[in-house]
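Notes for the one structure printed next.
The values are calculated or read from the model by the stated rules, or taken from the named source; none is laboratory data. Keep in mind it's a predicted model, so treat the numbers as computed, not measured. Heads up, the Cβs are rebuilt from the backbone with ideal geometry, glycines too, and the neighbour counts pull from every protein chain shown. Note: areas computed on protein heavy atoms with side chains; ligands, DNA, RNA excluded. Shrake-Rupley method; radii C 1.70, N 1.55, O 1.52, S 1.80 Å.
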Amino acid sequence: MSEPELAAAQTTPRSHLYEIDVLRLLTFACVIAVHTVNYIGGFGVVTDALLTLLHFTRGAFFWLTAFVLTYGQLRRPRPLRRFWPRRFLLVGLPYVVWSGVYVFLNATISDSLGDPIARLVDWGQALLRGDAAEQLYFLLVTMQVYLVIPALIWAVRRFPEAHLLFLSVAFLVQGAVFWVARYEPATVAWTHGSLTSVFTSYLFFVVGGVVAGAHADAVLRWVRGHRVVLAVALTATAVLALAVYALNRHIGLDLSDASDEMQPVQLVWSTVATLALLSVGAWWADHRRPGSWDDRTLAWASDRSFGIFLSHPAMITILLALGITAPSNPAALRVPIAYVLVVIGAVVTTEVFRWTPLSLPLTGRPMVRRTREARAQPVGENR
């Protein structure tokens, strides 16, 4: 895309990308599956092989975040004095609140609440590391992306002929980070495991989202016209990811390390999986019937998805504490049951929050009665 074409894209009427809603919901559903399998399924050759495939969600999330922000900024630019306060409020406030919730919830369940001052210190440390719960690193990295994405969007606009170069450099940087983290861990021992909470560890997905957002129309046309190619690529890269998992086991890595999310192969597998799910979203958008039951359901689910994402680890923690999913039952039985219970619990919790003044800090969205009178949210504002 030339610079004049990028400039013209800013004047294109903003429309809601229903393809993105579907991609977001499918990714959220897989995130819940990751954590359910991880905590309820236990270690096993099959469960960890499944985790290898489900780990595409990290790349999908950061690609999606960068895509949406770029698409919105190119079509209706917001000055940084408006962009940053809004974005940090919608993500930063839930990050702070839920970090505290998880610190105190985990301490209470484990009977280690102890000195409240000590727990406040734990809360502060968790905010710095993004590790109060499994999914909160994503919010910490997202806020880092908010800081750098104006510069990335500027670079995409200023150097329209260098997009492939940007992608190549980002691929090499992230690939190197993943390789060192997985196969030369002593080299990065000084980070104390914090690489997962730094945006440079996902640079290829972020830059890929920015470039795709600048070429949004072309990308959406491509996934519509290459569904068979994507299906074949999805199968091939899934086999590749599982082959790497088997190789990791062969060279002596334990189950957790063999299926770790920071594998160089994830750059390929996550990219293909993201585009494949985007093609599913494109199919939905092409067959969508405005106002139908399924259309209203998708809109409702999209609105609640962030709150479900924030609260679902609490449901897993409660299930484990109650012993509902007993380890004596086979993983093939207890994981699906736990997944359904976690989804139901997170949906109900989020729905309650959405109708209270706590909606913004606990779901990242204003309470329902105020949003009902608002106009439909444009894609540039979607998470």
Considering the options Leu69, Phe104, Ala49, tell which one lies farthest towards the positive end of the dipole of the range 39-125, charges being +1 on Lys and Arg and -1 on Asp and Glu at the Cβ, about the Cα centre. Leu69
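For the range 165-288, compute the orientation-averaged projected area of the C-alpha convex hull (one quarter of its surface), in nm².
Numbers: hull surface 35.5 nm².
With the hull built on Cα positions only, its mean projection is 8.9 nm².
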Taking +1 at the Cβ of each Lys and Arg and -1 at the Cβ of each Asp and Glu, which of Tyr146, Ser259, Leu333 sits farthest along the dipole of the chain towards its positive end, judged by Cα position relative to the Cα centre? Tyr146
How much accessible area per residue does the range 226-378 have, counting only protein heavy atoms and a probe of 1.4 Å, in square angstrom? 50
Dividing the alpha-carbon radius of gyration of the chain by 2.2 N^0.38 Å (N being the number of residues), what value is obtained? 0.98
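Mind checking the full-extension length gain between Asp111 and His287? Use 0.36 nm per residue of separation minus the Cα-Cα distance, one decimal, nm.
Numbers: separation 176, 0.36 × 176 = 63.36 nm, distance 5.18 nm.
Separation in residues times 0.36 nm, less the Cα-Cα distance, equals 58.2 nm.
Is there a quick way to get the dipole size of the range 132-224? I mean about its Cα centre, with the Cβ of Lys and Arg at +1 and of Asp and Glu at -1; what is the value in debye to the nearest 20?
Working: 5 positive and 4 negative charges, 48 e Å.
That gives the range 132-224 a dipole magnitude of about 240 debye.
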Putting +1 on Lys and Arg Cβ atoms and -1 on Asp and Glu Cβ atoms, find which of His163, Val244, Val232 reaches farthest to the positive end of the dipole of the chain. His163
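May I ask for the Kirkwood hydrodynamic radius of the range 1-153, worked out over all distinct Cα pairs and given in angstroms to one decimal?
Details: mean 1/r = 0.0553 Å⁻¹.
For the range 1-153, the Kirkwood estimate is 18.1 Å.
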Can you give the charge dipole size of the chain about its Cα centre, rounded to the nearest 20 debye, using +1 on the beta carbon of Lys and Arg and -1 on the beta carbon of Asp and Glu? 1420
Determine which residues of the range 204-222 fall in the zone a paramagnetic label at Val148 would reach in this model, i.e. backbone nitrogen under 18 Å from the point 7 Å along Cα→Cβ. 204-214
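Give me the extension gain from Leu172 to Phe159: residue separation times 0.36 nm, minus the current Cα-Cα distance, reported in nm with one decimal. Let's see the in-between values first.
Details: separation 13, 0.36 × 13 = 4.68 nm, distance 1.96 nm.
Between Leu172 and Phe159, full extension yields an extra 2.7 nm.
Dividing the convex hull volume of the alpha carbon atoms of the range 116-160 by its residue count, what do you get in Å³ per residue? Before the final figure, lay out each step's value.
Numbers: hull volume 2.8 nm³, N = 45.
So the per-residue Cα hull volume is 63 Å³.
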For the chain, which whole-number percentage of the solvent-accessible area (1.4 Å probe, protein heavy atoms only) is attributable to carbon and sulfur atoms? 69
Using only Cα positions of the range 283-370, each an equal point scatterer, no hydration layer, compute I(q)/I(0) via Debye at q = 0.24 Å⁻¹ and quote the log10 values to two decimals. -1.07
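What does the charge dipole of the range 267-359 about its Cα centre add up to, to the nearest 20 debye, if the Cβ of each Lys and Arg holds +1 and the Cβ of each Asp and Glu holds -1? Mind showing how you got there, number by number?
Working: 6 positive and 5 negative charges, 17 e Å.
For the range 267-359, the charge dipole is close to 80 debye.
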Can you work out the PRE-style zone for Arg224? Point 7 Å along Cα to Cβ, and I want the residues of the range 273-296 with backbone N under 16 Å. 278-290
